[in-house]
Amino acid sequence: MIEEVNKKPASDRSVGELVTDLTDEVKRLVRDEMRLAVFELQRKGKKMGLGAGLFGAAGLFAFLGAGTLVAAAVLALALACPAGWPR
């Protein structure tokens, strides 16, 4: 935390000076909190992007797997049915 060197004790300061210091500190606090929030959102965004990419890859893998199962079922039916079956 930043310590200010040339400050009078709070008991020797006027209300106006105290209010001015309060507003300055609130501004600094809000600025620091916003900076921290942006940093945290960037970090979470990177993790969410990685998760979304992995989820998309899993979806593609499942889609291709379902197509393979359909092809296997067609081939199994072709083996089980006689050659002139539609007639």
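The values are calculated or read from the model by the stated rules, or taken from the named source; none is laboratory data. Remember, it's a predicted structure, so these values are computed and weren't measured experimentally. Glycine also receives a Cβ, built like all others from the backbone with ideal geometry; neighbour counts cover every protein chain displayed.
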**Asked** In segment 1-49, which residue that is β-branched (Val, Ile, Thr) and either part of a helix (DSSP H, G or I) or within 36 Å of the chain's Cα centre (by Cα) (or both) is modelled with the lowest pLDDT?
**Response** Ile2
**Request:** Being surrounded by 10 or more Cβ atoms within 10 Å (Cβ to Cβ) and not aliphatic (A, V, I, L, M) is the filter here, so list the residues in segment 69-87 that pass it.
**Result:** Cys81
